[in-house]
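Before any comments, here is the structure.
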Amino acid sequence: MSAPAAPKAFVVGPVLAALAAFAFGAGCTDSLSQGPEPAGDAGAPASPTAACVDGKPTRPYPDGPHRIAQGETLPDLTFDGVRGDGTKGPFALRELYEPCATSAKLAVLRVHAGEWCGTCLWHAAHGHELLEGPLGARISLVDLVVRGPDADRVRPEDLPGFRRKVDRPERIPTLADPRFSLSALAPASGAPMPLMVLVDVRTMKVVGTASNPSPDALAHQLEAALAKLDGAPAKAASPEPLVDGHFTRDEWDMVRGMGATEALPRDPSNAKEDDPNARTLGAALFADTGFSPANDVSCATCHDAKKSFSDGLPRPSGPNVRGSRRTPRIALAAYTRWQFWDGRADSLWAQALGPFENPDEIASSRVAVVRRLATTHKAAFEAAFPAVPLPDPATLPAGGKPGDPTYDALPAPTREAVTRAFVDAGKAIAAFERTLPYPKMRLDAYARGDAKALSEAEKSSLSVFMQTGCAQCHFGPRLTNDAFHAVRMPTGRADGLADRGRRDGLTLLAKSEFSRGSRYADAPSAVSPARDADDTTLGAFKTPSLRGVAGGGPFGHGGAIASLIEVTEHYGRRGLPEGDPRTTGTFEPWLPHFDEAAQWALVPFLESLKAE
């Protein structure tokens, strides 16, 4: 597809148009193109007598007042992090201060939401365009990261992971900012990340901001800011080339990423994940209703291949099945780093074990599961796990699990043998689930260059998807970040009260006997280190994949949203209001409010995401 030069049109409503103006720096660029202003203004060159004498600074940082606002001198903030040379330690804004610079320079503070943020990752991967471009000698970059990889509060130990995604890290300090110190510079209605803050290093005054700007828009804003600081007229902005008439270069890169092929990740904790015999056993266990007391519930009961491996219901329902959360689609479960809506399992095999002993699902026990393995699936189990002897069912009670008197009374070696066989059943099911078909969509063909794969309405809708910040969380081949966000959707609990989500999931994960770090993992590791249940985790749920989402409702963790238009309306309103007892948690500041026109404009693209 060609990239004709054309201006980007925002025609989906005044709220989105205002967001677009901020995102592309229109407000800042307008103020930056006025020419020189009197001394003391945010855009004026620094006075050499005030801060610099004989080429030397007279003070380590500009005098106050200090405020985090446009045109004001920033406070001398200090952050923990990693410098460009890889050394760890504090970094203060005073280290950017150059009052004696002979020409204007800018520090660009790139405030990233974290490595879960797709638009942030794009900018992190394109630092060379700024540092090695025409303005490179007059620009320095500093990355501030406000959230961790799962969208919880960032820690210093999270920075190396983000730093691996950064282009030219040797020239860019990477710092942890869990307080989002510069949030006052973002619009109150929210705007997609990263937030770019342009600072005149001779005065440490904020001279511009931009939210997730396109590369051309950011380059123009930088040129205009430097021109103003130089007392020179700014060049007029050129029309931005748009791929297929719809997408800026960064947006098109992300669209192409949505149609890319994602390799199935390895799970070292399951040595049988790709074993053919384990797969065969897992398929049989997945479909076997004999594990349930009434012989009427299996994994396939709620994960129906004809319903995108879900059940099509708001919440599980049946004579012996009930629940407060919607049954997730599991076709892509083998790709995710966390399982369940709250992430209380960190492997696919651990997830498979949960429903067996959950009284609201299969309602069985590990002893009952092993008894059936030893009677109905004995040959298949021994073929898959020849080194794991099954206990003699004659020595076992009818059922039992930890906490049950019948189980706790068993000799320790028997309990261990039961649990080992039970775990291997989960690993076999995980091996089978790794073979579930990867949903294909028309978006894949479009991303590969077939301009006719999407209609013009669907392309326009995808453009709105980008503009409204949806690609922060829904990016890559599966259109998800696998992180956890509080988007204030209604609960699915029978009592109507809010579901605490990730907050409780972390507690359950910490107590789990079947984590990747447990002795039941084939290669115990610290892949899933313990995280604190901080305020960002309250009411947060895992971002669902949008691959194949059309026709896969209801939606939300509680299954309370019936249609895709209701989903977009929910996000446009920034969730249920404060005080609504059906939800909890705080909507994240970078998720923007957008009006009804944008809400409806998103639907054609979402409806195109139907599995073929």
Inset, instruction - Might you let me know whether the stretch 503-511 holds any residue that is assigned to a helix (DSSP H, G or I), basic (Lys, Arg), under 25 Å from Gly559 (Cβ atoms) and open to solvent by 30 Å² or more (accessible area, probe 1.4 Å)? - result: yes
Inset, instruction - Return the residue satisfying two criteria in turn: it lies in the stretch 131-153 and is open to solvent by 30 Å² or more (accessible area, probe 1.4 Å) and in a helix (DSSP H, G or I), and of such residues it is farthest from Ser183 (Cα to Cα). - result: Ala137
Legend entry - Answer residue from the stretch 433-455, given it is under 30 Å from Tyr520 (Cα atoms) and open to solvent by 40 Å² or more (accessible area, probe 1.4 Å) and is modelled with the highest pLDDT among those: Thr435
Inset, instruction - Can you run down the residue pairs with Cβ atoms below 9 Å, 6 or more apart or on separate chains, where the first is in the stretch 565-592 and closer than 22 Å to Gly114 by Cα and open to solvent by 50 Å² or more (accessible area, probe 1.4 Å) and the partner is assigned to a helix (DSSP H, G or I) and among the polar types (S, T, N, Q)? - result: Tyr571/Gln599; Thr586/Thr536; Pro589/Ser183
Legend entry - Condition check for Ala398: small (Gly, Ala, Ser), modelled with pLDDT of 95 or more and farther than 25 Å from Ala510 by Cα: yes
Inset, instruction - Would you list the helices (runs of 4 or more DSSP H) that sit entirely within the stretch 177-287 and hold 3 or more residues that are among the small types (Gly, Ala, Ser) and surrounded by 20 or more Cβ atoms within 10 Å (Cβ to Cβ)? - result: 215-230
Inset, instruction - Sort out which residues of the stretch 101-112 are touching a Lys or Arg at 6+ places or on another chain (Cβ under 9 Å) and at pLDDT 95 or above, and write them in order of number. - result: Ala104, Lys105, Leu106, His112
Legend entry - Near pairs, Cβ below 6 angstrom, 6+ apart or cross-chain, from the stretch 461-476 (aliphatic (A, V, I, L, M)) to any residue that is assigned to a helix (DSSP H, G or I): Leu462/Phe605; Val464/Ala598; Val464/Ala601; Met466/Glu251; Ala471/Gly118; Ala471/Thr119; Ala471/Met254
Inset, instruction - Would you confirm whether any residue within the stretch 68-88 is part of a strand (DSSP E or B) and among the basic types (Lys, Arg)? - result: yes
Inset, instruction - Within the stretch 513-564, track down each residue that is without any contact (Cβ under 8 Å) to a residue 24 or more places away in the chain and open to solvent by less than 20 Å² (accessible area, probe 1.4 Å). - result: Ser518
Legend entry - Among (1) hydrophobic (A, V, I, L, M, F, W, C); (2) out of contact with any Cys (no Cβ under 9 Å at 6 or more places or on another chain); (3) open to solvent by 50 Å² or more (accessible area, probe 1.4 Å), the one test that Leu313 misses: (2)
Inset, instruction - Give just the number: which of (1) over 28 Å from Ala521 (Cβ atoms); (2) among the hydrophobic types (A, V, I, L, M, F, W, C); (3) modelled with pLDDT under 95 does Val255 not satisfy? - result: (3)
Legend entry - Every residue from the stretch 393-402 that is open to solvent by 60 Å² or more (accessible area, probe 1.4 Å) and of a type outside the set (A, V, I, L, M): Thr395, Pro402
Inset, instruction - Would you be able to say whether some residue in the stretch 411-425 is buried (at least 20 other Cβ atoms within 10 Å of the Cβ), touching a helix residue (DSSP H, G or I) at 6+ places or on another chain (Cβ under 9 Å), touching a residue at least 12 places away in the same chain (Cβ under 8 Å) and part of a loop (DSSP other than H, G, I, E, B)? - result: no
Inset, instruction - Considering each residue of the stretch 458-491, count those that are under 16 Å from Ala113 (Cα atoms) and assigned to a loop (DSSP other than H, G, I, E, B), and give that number. - result: 11
Legend entry - Residues satisfying the stated conditions in the stretch 326-379, i.e. in a loop (DSSP other than H, G, I, E, B), open to solvent by 30 Å² or more (accessible area, probe 1.4 Å) and either under 14 Å from Gly282 (Cβ atoms) or touching a residue at least 12 places away in the same chain (Cβ under 8 Å) (or both): Pro328, Arg329, Arg337, Phe340, Arg344, Asp360, Glu361, Ala363, Thr376
Inset, instruction - Residues being among the β-branched types (Val, Ile, Thr), under 28 Å from the mean Cα position of the chain (by Cα) and over 22 Å from Leu264 (Cα atoms): count how many of those fall in the stretch 293-340. - result: 1
Inset, instruction - Considering only the stretch 492-502, state which residues are part of a loop (DSSP other than H, G, I, E, B) and either of a type in the set (A, V, I, L, M) or closer than 16 Å to Gly585 by Cβ (or both). - result: Gly492, Arg493, Ala494, Leu497, Ala498, Asp499, Arg500
Legend entry - Single residue of the stretch 154-176 satisfying the filter (under 24 Å from Ile139 (Cβ atoms) and of a type in the set (Lys, Arg)) that is most open to solvent (accessible area, probe 1.4 Å): Arg164
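The values are calculated or read from the model by the stated rules, or taken from the named source; none is laboratory data. Everything quoted here is computed from the prediction, not taken from an experiment. Positions of Cβ are generated from backbone atoms using ideal geometry, with glycine treated the same way; all protein chains shown enter the neighbour counts. Remember, those area values only see protein heavy atoms, side chains included, never the ligands or the DNA or RNA. Shrake-Rupley method; radii C 1.70, N 1.55, O 1.52, S 1.80 Å.
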